[in-house]
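**Q** Mind looking over this structure? Questions follow.
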Amino acid sequence: MSAAMHALSATTSAPQIKPRLALAAARLSDGGIGTKASISPVVVRGLVRAAEFAIVTAAGLLIAIAYVNEPAVIGDARYMTAIAVTGAATPLVFELLGLYSLRAFSDLMRNMPRVVLGWSVTFAFLVISLFLLKIGAHVSRVWLTAWYIAGAASLISGRIGLAWIMRALAKNGRLYQRAVIYGAGPVSEELLAQLEADSDQIVRIAGVFDERDETRAPRLAGGYPRLGGLKDLIALSRTARLDLVIVALPLTAEHRLLRLAKALSVLPADIKMPARATALRFAPHTYSHVGSVAMIDLYDKPIADWGTVSKWLFDKIVGTVALVLLAPLMALVALAVKLDSPGPVLFRQKRYGFNNELIEVFKFRSMYTGLCDATAAKLVFKDDPRVTRVGRIIRKTSLDELPQLFNVLRGELSLVGPRPHAVQAKAGTQLYDEVVDGYFARHKVKPGITGWAQINGWRGETDTHEKIEKRVEFDLYYIENWSVFFDLYILLKTPMSLLKTQNAY
């Protein structure tokens with residue numbers, strides 16, 4: 001795992017912090033690792049279980065229909081129960097045989113005998129159950145034989161295809177957890193040794209960070225270079241997406257841990273400590289694991305695993321439906337904008353997206369072309385002369401935001417989330433992050449067209465510190481309490497909230 005980083009460490013010296021960060025980012029970005037979202041192992045395992053259930057049940061049902069040759073077979077409780085129970089039992093037996101680890105998915109030849117064994121054991125239980133229940137005479141033996149052979153062939157074929165997919169994903173880095181370690185000392189040395197020895201680990205370490213100089217923290221930790229301090233770690237997280245930050249400090253370093261936890265809480269990554277950082281031992285269910293290494297969770301990604309899948313589906317399905325239904329209204333707004341003043345119908349603006357990434361957000365143009373403020377350096381105020389006649393209406397009603405449905409379908413925005421802010425947006429005369437401590441924690445999820453803050457009245461002008469503080473407070477509440485039902489509730493409440501236009505100019 002660390003061969004590349006050993007080579008890197010031999011060519012770097014203490015003053016070369018920025019070049020080191022660039023190389024670390026390049027390592028994480030190799031094959032797209034740093035720019036594309038990693039695929040959750042939880043989701044992969046779940047999809048494979050569902051696929052193998054479908055393979056087994058489909059094979060049994062299709063053969064029963066083809067051989068028994070009676071439409072009534074679908075309503076025959078004996079056949080349908082046998083198919084359903086065998087389909088459900090197959091993933092359970094495979095789980096007991098360890099066939100749902102990522103290594104098992106990739107290493108086809110070593111695990112092929114266990115696939116055949118698992119299917120054979122499952123089918124043996126079926127045959128024994130039919131005999132003990134004295135219904136074997138009423139079930140076709142040819143069907144059972146054909147199902148066993150077809151099921152085995154289908155499962156093996158599926159695993160061959162799965163192995164090819166897994167190798168392609170591994171080659172592109174989509175299966176790795178992209179990680180860094182904070183703390184260069186005995187705890188990190190032991191942790192790195194454990195990760196290196198873990199045969200099933202899927203962590204790719206970019207390097208180690210520590211604030212201390214070389215007199216107190218070694219330049220190398222477990223063969224990995226020390227890349228800088230806390231600010232450098234956060235800078236790396238903005239250029240190469242990190243999935244995991246491991247704080248390898250002893251639990252006795254309480255003040256350092258408190259400061260670190262607060263600073264790292266803004267990152268859209270899991271923040272963990274190795275369990276061996278403390279001599280205290282907790283109940284097994286209190287630990288999470290990175291491979292086989294026990295960890296103590298400090299912060300979790302707000303939306304992960306199946307949550308990511310459900311939010312993605314929610315955005316794509318509801319976003320597509322909304323775009324179709326609202327297309328006539330959008331066409332009318334576009335026509336009004338075009339007739340009201342010369343210039344383009346759409347206005348594009350750079351805003352902060354997920355993990356502080358800059359995205360280009362679409363809006364209907366609401367200002368005169370020569371007076372548009374692409375960076376939002378100057379707040380829009382009541383009776384602002386820069387705003388057109390149509391612009392006043394569509395800004396108050398938020399109709400100018402409708403083109404952001406295209407951003408949702410492009411994957412840059414979510415339907416619901418903290419509103420994306422322009423890069424120079426201010427509360428009074430200060431940038432938002434200068435006013436609110438921990439402001440960037442709101443970028444741990446994708447921004448949205450609407451959000452919890454907006455339906456609670458914190459939309460529009462932010463001319464005072466209180467307004468942006470309240471907006472961030474509600475955004476963080478949303479992030480900490482996210483669910484699909486919460487998204488749906490916010491979406492349904494949005495039309496009513498638009499009637500409150502006192503802060504929208």
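**Q** Restricting to region 405-421, and then to whatever is out of contact with any Phe, Trp or Tyr (no Cβ under 8 Å at 6 or more places or on another chain) and within 15 Å of Arg348 (Cα to Cα), can you tell me which residue is surrounded by the most Cβ atoms within 10 Å (Cβ to Cβ)?
**A** My answer is Leu413.
**Q** Restricting region 373-395 to residues that are crowded, with 16+ Cβ neighbours inside 10 Å and touching a residue at least 60 places away in the same chain (Cβ under 8 Å), which is nearest to Pro328 (Cα to Cα)?
**A** If we take residues in region 373-395 being crowded, with 16+ Cβ neighbours inside 10 Å and touching a residue at least 60 places away in the same chain (Cβ under 8 Å), then Ile394 is nearest to Pro328 (Cα to Cα).
**Q** Now for a separate question. Of the residues Glu469, Glu401, which is more than 23 Å from Glu360 (Cβ to Cβ), modelled with pLDDT of 85 or more and of a type in the set (Asp, Glu)?
**A** Checking each option against the conditions leaves just Glu469.
**Q** Go through (1) modelled with pLDDT of 85 or more; (2) under 27 Å from Phe53 (Cβ atoms); (3) not assigned by TED's automatic domain parsing to the domain that holds Thr57 one by one and return the number of the condition Asp200 breaks.
**A** (1)
**Q** Still on this structure, I have one more. Taking region 406-423 as the search range and keeping residues that are in a helix (DSSP H, G or I) and in contact (Cβ under 8 Å) with a residue 40 or more places away in the chain, which one is nearest to Met330 (Cα to Cα)?
**A** In this case the residue turns out to be Phe406.
**Q** Check off (1) farther than 30 Å from Ala84 by Cα; (2) within 26 Å of the chain's Cα centre (by Cα); (3) of a type in the set (Gly, Ala, Ser) for Ala197 and give me the number that stays unchecked.
**A** That leaves (2) as the condition not met.
**Q** Still on this model: In region 357-395, which residue that is outside any loop (DSSP other than H, G, I, E, B) and modelled with pLDDT under 85 is nearest to Leu313 (Cα to Cα)?
**A** If we take residues in region 357-395 being outside any loop (DSSP other than H, G, I, E, B) and modelled with pLDDT under 85, then Thr369 is nearest to Leu313 (Cα to Cα).
**Q** Please list, ordered by residue number, the helices (runs of 4 or more DSSP H) wholly in region 424-489 having 2 or more residues that are not hydrophobic (A, V, I, L, M, F, W, C).
**A** The helices (runs of 4 or more DSSP H) meeting that bar are 432-435, 465-480.
**Q** How many of the residues making up region 163-211 are touching a helix residue (DSSP H, G or I) at 6+ places or on another chain (Cβ under 8 Å) and on the phi > 0 side of the Ramachandran plot?
**A** 2
**Q** Surrounded by fewer than 16 Cβ atoms within 10 Å (Cβ to Cβ), at pLDDT 75 or above and assigned by TED's automatic domain parsing to the domain that holds Val290: is that true of Glu211 in this structure?
**A** Answer is no for this residue.
**Q** Right, another one. Could you give every pair whose Cβ atoms fall below 7 Å, whose first residue belongs to region 84-101 and is closer than 9 Å to Trp119 by Cα and assigned to a helix (DSSP H, G or I), and whose second residue is of a type in the set (Phe, Trp, Tyr) and at pLDDT 95 or above, counting only separations of at least 6 or pairs across chains?
**A** From residues that are closer than 9 Å to Trp119 by Cα and assigned to a helix (DSSP H, G or I), the pairs are Thr90/Phe53; Thr90/Trp119.
**Q** Got a sec? Which of Ala146, Ala152, Ala179 is buried (at least 16 other Cβ atoms within 10 Å of the Cβ), modelled with pLDDT of 85 or more and either under 24 Å from the mean Cα position of the chain (by Cα) or within 22 Å of Asp243 (Cα to Cα) (or both)?
**A** Going through Ala146, Ala152, Ala179 in turn, just one is buried (at least 16 other Cβ atoms within 10 Å of the Cβ), modelled with pLDDT of 85 or more and either under 24 Å from the mean Cα position of the chain (by Cα) or within 22 Å of Asp243 (Cα to Cα) (or both): Ala179.
**Q** Of Leu323, Leu339, which residue is within 26 Å of His443 (Cα to Cα), of a type outside the set (D, E, K, R) and in a helix (DSSP H, G or I)?
**A** The conditions single out Leu323.
**Q** Separate question: Quick one: in region 322-337, which of the residues that are exposed (fewer than 15 other Cβ atoms within 10 Å of the Cβ) and farther than 17 Å from Val408 by Cβ is farthest from the chain's Cα centre (by Cα)?
**A** Leu335
**Q** Could you list, in sequence order, the residues of region 307-352 that are farther than 18 Å from Val390 by Cβ and small (Gly, Ala, Ser)?
**A** If the condition is that a residue be farther than 18 Å from Val390 by Cβ and small (Gly, Ala, Ser), then Gly307, Ser310, Gly319, Ala322, Ala327 are the ones that fit.
**Q** Here's something else I'd like to know. Read through the list (1) in contact with a helix residue (DSSP H, G or I) (Cβ under 8 Å, 6 or more places away or on another chain); (2) at pLDDT 90 or above, then give the number of the only condition that Tyr287 fails.
**A** Exception for Tyr287: condition (2).
**Q** Look through Pro225, Pro250 and report the one residue that is assigned to a strand (DSSP E or B), more than 25 Å from the chain's Cα centre (by Cα) and in contact (Cβ under 8 Å) with a residue 40 or more places away in the chain.
**A** Pro225
**Q** Counting only residues that are loosely packed, with under 15 Cβ neighbours inside 10 Å and of a type in the set (Val, Ile, Thr), which one in region 18-42 is modelled with the highest pLDDT?
**A** Val42
**Q** Can you report the number of residues in region 424-466 which are in contact (Cβ under 8 Å) with a residue 40 or more places away in the chain, among the small types (Gly, Ala, Ser) and farther than 27 Å from Arg259 by Cβ?
**A** 3
**Q** Can we say Asp300 is over 23 Å from Ala206 (Cα atoms), of a type in the set (D, E, K, R) and touching a strand residue (DSSP E or B) at 6+ places or on another chain (Cβ under 6 Å)?
**A** Taking the combined requirement at face value, the residue does not satisfy it.
**Q** On the given criteria, is Ala248 among the small types (Gly, Ala, Ser), in contact with a strand residue (DSSP E or B) (Cβ under 6 Å, 6 or more places away or on another chain) and either assigned by TED's automatic domain parsing to the domain that holds Trp482 or at pLDDT below 90 (or both)?
**A** Yes: the conditions hold for Ala248.
The values are calculated or read from the model by the stated rules, or taken from the named source; none is laboratory data. From a predicted model like this one, the values you see are computed outputs, not experimental measurements. Glycine gets a Cβ as well: all are built from the backbone with ideal geometry, and neighbour counts include every protein chain shown.
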